[in-house]
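Comments concern the structure below.
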Amino acid sequence: MATTEDIVKLRKRTNCGMMDCKNALDACDGDIDKATEWLREKGMAKAAKKADRIAAEGLVTSYIHMGGKIGVLLEVNCETDFASKSEQFAQLCKDIAMHIAAANPSYVNREEVPAAVLEHEKEILRAQALNEGKPAAIVEKMIEGRIKKYYEDACLLDQAFVKNPDQTITDLINETVLTIGEKINVRRFVRFEMGEGLEKRVDNFAEEVMNQAKGN
């Protein structure tokens, strides 16, 4: 049964009608990602319709925090140079770069996660579930749910936006897609943290960025 909260989230992501979103969620057992694809397959999701268009323009933007303690370089693509110079696109790039500084994702999307990494995670989760005494028959379903949580932690597009945890980075991007009318694609990013990998005093810079982003 689709919840009102999930219907609203799906509507923001796809710009489809409330009833269409409810039907999609009901058809996909409440899974928002699957419901988005369901709407796209039905030709209803307006933002998703732009996904096959070519995005070769855009911006490379940077975000430096705490006087140089954390830095992010980010490339975001759109379809036209005109859109890349818009205030809405520039703000999106700024927000995503700041989010990366705070949330420290490992990959842009699920497709970037190496098969070996994913299989290693599954083996760990499988062992955890079995050690918890879960029946073997439901272990695989549990793994599927926990892998989804792994994606939400590791993949930028699946992460909850630090300024508004009620929406994902994908939701944030789709809002801008609907505003500027063009496909938007996060192509790549690199995040630097001062002293990362060196033996030193532990400073949780990411937590400080996160608190600032949330206005704490």
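In the chain, a dipole from Cβ-located charges (positive for Lys and Arg, negative for Asp and Glu) runs towards its positive end, and of ILE143, LEU74, PHE192 it is LEU74 whose Cα lies farthest in that direction. From least to most packed, judged by other beta carbons within 10 angstrom and beginning with the fewest, ILE64, ILE32 follow the order ILE64, ILE32. Taking square-rooted eigenvalues a ≥ b ≥ c of the alpha carbon gyration tensor, is the stretch 1-115 rounded, prolate or oblate, where a/c under 1.5 means rounded and, failing that, a/b exceeding b/c means prolate? Prolate, since a/c reaches 1.5 and a/b exceeds b/c. Taking amide H as placed 1.01 Å from N in the peptide plane, GLN167 has its amide H under 5 Å from the amide H of PHE161, each at least 5 places away in sequence or on another chain. For the chain, adding -39500 (n - 2.57) for each run of n ≥ 4 DSSP H residues and dividing by the number of residues yields -16000 deg cm²/dmol at 222 nm. Considering only LYS141, LYS22, LYS34, the mean-square fluctuation computed in a Gaussian network model of the chain, springs between alpha carbons under 10 angstrom, is largest for LYS141.
Pairs of Lys residues in the stretch 26-134 that lie 8 or more places apart, or on two chains, and have C-alpha atoms under 18 angstrom apart add up to 8. With a ≥ b ≥ c taken as the square roots of the eigenvalues of the C-alpha gyration tensor of the stretch 96-204, please select rounded if a/c is under 1.5 and otherwise prolate if a/b is larger than b/c or oblate if it is not? The shape class here is oblate. Sorted into 5 angstrom bins from 0, the C-alpha pair distances of the chain split as 1, 7, 13, 15, 17, 17, 14, 9, 5, 2, 1, 0 percent.
Comparing GLY68, GLY181, GLY30 in a Gaussian network model of the chain, where Cα atoms under 10 Å apart are tied by springs, the biggest mean-square fluctuation is seen for GLY68. Comparing mean-square fluctuations of GLN91, GLN159, GLN167 from a GNM of the chain with C-alpha springs under 10 Å, the top value falls on GLN91.
Only the coordinates and a few stated rules stand behind these numbers; no lab work does. Here the structure is a predicted model, which means the values were calculated and not measured. Don't worry about glycine lacking a Cβ; one is built from the backbone with ideal geometry, like all the others, and counts go over all protein chains shown.
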